[in-house]
Amino acid sequence: MSGKRDIAIQLSGVKKMYKLGQIGGGTLRGDLESWWARKRGKEDPNTKIGQKERLKGQTFMALNGIDLTVYQGEALGIIGANGAGKSTMLKLLSRVTAPTEGTIDIYGRIASMLEVGTGFNREMTGRENIYMNGAILGMTKAEIDAKMEDIIDFSEVREFIDTPVKRYSSGMYVKLAFSVAAHLDNEIMIMDEVLAVGDMAFQKKCLTKMREAANKEGRTVLYVSHNMNTIRQLCDRCIVLDQGKIIFDGNVEEAIEMYLGISNTSDTTVLLEYLPREKWVKNDSAIMKRLKIDSDNSYFSFGKSIKAEMIIHGYKYNTDVILKVFLLYNGVAVTTMETSPSIKLEKDQDTEIHFELQLGRLAPAKYTMKLVLCRRNGMGGIEYLDVLMDSYMFEILEPENFHQNQKWSMNNNGFVVGEDIKIFS
């Protein structure tokens, strides 16, 4: 690193501990359920899935000793499995909550997007919310007025700008919220993966804007994503979080390689019920409990298939569900498969299914599985019941003499291996 750089954010010995099983379940009924379970020595029914991994008595260490320095004008990627501590770190930096231990020094005003609609008053119009957010940042009405047209143009919601935002779709929320964060006066932008809600064209526009904010305007950008391609496009440095600790800090490609390799040596039986869920899925009708891969390890020959079994538990009623399996390379889905016919779940019962995933001619590489449990609703749409982003990782091995004339490159040659061209005399 040449020359002295100004610090934008500095974390020293930061820990965040949550107390479990105490009051604060969200409702009086929830608190009473938790209290009655403790009195009987039973498991708290309101403890979230995935919290058991870092429990200490009745506490959960979401972050466990974070030391991090982020410099002005830097675009820092933050990656890690669900439950690693990414969102907790962003909430601490955004002052949504305070650390249990350690210090956080921030040099500049922060604009953050942690969840869809964060910082918006649902009863106010889009225009009124822009004024409110600008006022929170300490801007005058004249300063906000000067940026208003740019914000509205970028957001693509001009015809609805004077409509209460409670009537916005989630995509409209994201578009306006990002536009506000990107255009109002702030030195630091903090983005969770809420951009995944928007359409592809808008995501591309947002990434371009964030690159300009870091490279041309000298603003600091912190970005959390499961999509490794967006991390590559935006960030010049990346950290990997695991179990509430930073296990890597440095080059983006090396960080991605470590993140994708964390679970590569894991057991071929995965206890899915203890993995953190995607936070936007609110349904509690069914849950994927266990995945067992019919293999001694997580390495598979090119062109072969993966045989597996899964246990799914139904809660409220008998229903038909569909299991979708996405195979991801660097966070991008390259193929998807779904069960046919649908799976019949019975109320309060475990259902075991056996299935086979055809790998076809997927190129040799490391892949992760995204598991989606869903069902069709009465209007022909999809209702999501359970979603796991990084449930299992495996590697397709490179066969002998694989494209011996040229080393295979995903960027140049794609994910699927084509047939050799036959030459006829």
Only one of (1) modelled with pLDDT of 85 or more; (2) touching a strand residue (DSSP E or B) at 6+ places or on another chain (Cβ under 7 Å); (3) within 25 Å of Lys209 (Cα to Cα) is not met by Ser112, so which one is it? (1)
Give me the pairs: first residue in segment 155-173 and under 21 Å from Val281 (Cβ atoms), second residue surrounded by 14 or more Cβ atoms within 10 Å (Cβ to Cβ), beta-carbon distance under 6 Å, and six or more apart or on different chains, which are they? Ser170/Val116; Ser170/Val197; Gly171/Val197; Gly171/Gly198; Met172/Val157; Tyr173/Val116; Tyr173/Gly117
Within segment 120-149, how many residues are surrounded by fewer than 19 Cβ atoms within 10 Å (Cβ to Cβ) and touching a Ser or Thr at 6+ places or on another chain (Cβ under 8 Å)? 1
Flag if Ser179 is more than 18 Å from the chain's Cα centre (by Cα) and free of Cβ contacts under 8 Å to residues at least 24 places away in the same chain: no
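Would it be correct to say that Glu74 is modelled with pLDDT of 90 or more, closer than 30 Å to Met17 by Cβ, among the acidic types (Asp, Glu) and in contact with a strand residue (DSSP E or B) (Cβ under 9 Å, 6 or more places away or on another chain)?
On the way: modelled with pLDDT of 90 or more: yes; closer than 30 Å to Met17 by Cβ: yes; among the acidic types (Asp, Glu): yes; in contact with a strand residue (DSSP E or B) (Cβ under 9 Å, 6 or more places away or on another chain): yes.
In short, yes.
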Taking Phe424 as the residue in question, decide whether it is modelled with pLDDT of 75 or more and either within 28 Å of the chain's Cα centre (by Cα) or over 14 Å from Ala363 (Cβ atoms) (or both). no
Kindly indicate whether Glu143 is more than 26 Å from the chain's Cα centre (by Cα) and of a type in the set (Asp, Glu). yes
Residue satisfying condition, being of a type in the set (D, E, K, R) and on the phi > 0 side of the Ramachandran plot, within set Glu149, Glu156: Glu156
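Return yes or no: is Met132 over 30 Å from Arg232 (Cα atoms), outside any loop (DSSP other than H, G, I, E, B) and not charged (D, E, K, R)?
Yes: the conditions hold for Met132.
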Residues that are farther than 19 Å from Asn133 by Cβ and modelled with pLDDT of 90 or more: which strands (runs of 3 or more DSSP E) entirely in segment 151-259 hold 3 or more of them? 237-242, 245-250
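Let's see how each residue does on (1) within 26 Å of the chain's Cα centre (by Cα); (2) on the phi > 0 side of the Ramachandran plot:
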| site | (1), (2) |
| --- | --- |
| Gly331 | yes, yes |
| Leu345 | no, no |
| Asp350 | no, no |
| Leu371 | yes, no |
| Gly380 | no, yes |
| Asp386 | yes, no |
| Leu397 | no, no |
Report, by residue number, each residue of segment 216-242 that is of a type in the set (D, E, K, R) and in contact (Cβ under 8 Å) with a residue 24 or more places away in the chain. Arg219, Arg232, Asp236, Arg237, Asp242
Matching residues, segment 315-331, being surrounded by 14 or more Cβ atoms within 10 Å (Cβ to Cβ) and at pLDDT below 90: Tyr315, Thr319, Leu328, Tyr329, Asn330, Gly331
Taking Ile130 as meeting all but one of (1) out of contact with any Phe, Trp or Tyr (no Cβ under 9 Å at 6 or more places or on another chain); (2) free of Cβ contacts under 8 Å to residues at least 40 places away in the same chain; (3) closer than 21 Å to Lys205 by Cβ, write down the number of the exception. (2)
Near pairs, Cβ below 9 angstrom, 6+ apart or cross-chain, from segment 243-261 (farther than 20 Å from Tyr392 by Cα) to any residue that is acidic (Asp, Glu) and modelled with pLDDT under 90: Phe248/Asp242; Phe248/Glu254
Exactly one of Asp390, Asp386 is surrounded by 17 or more Cβ atoms within 10 Å (Cβ to Cβ), at pLDDT below 85 and under 27 Å from Arg290 (Cβ atoms), and that one is Asp390
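The values are calculated or read from the model by the stated rules, or taken from the named source; none is laboratory data. Everything quoted here is computed from the prediction, not taken from an experiment. For neighbour counting, all protein chains shown are included, and Cβ atoms are generated from backbone atoms with ideal geometry for every residue, glycine included.
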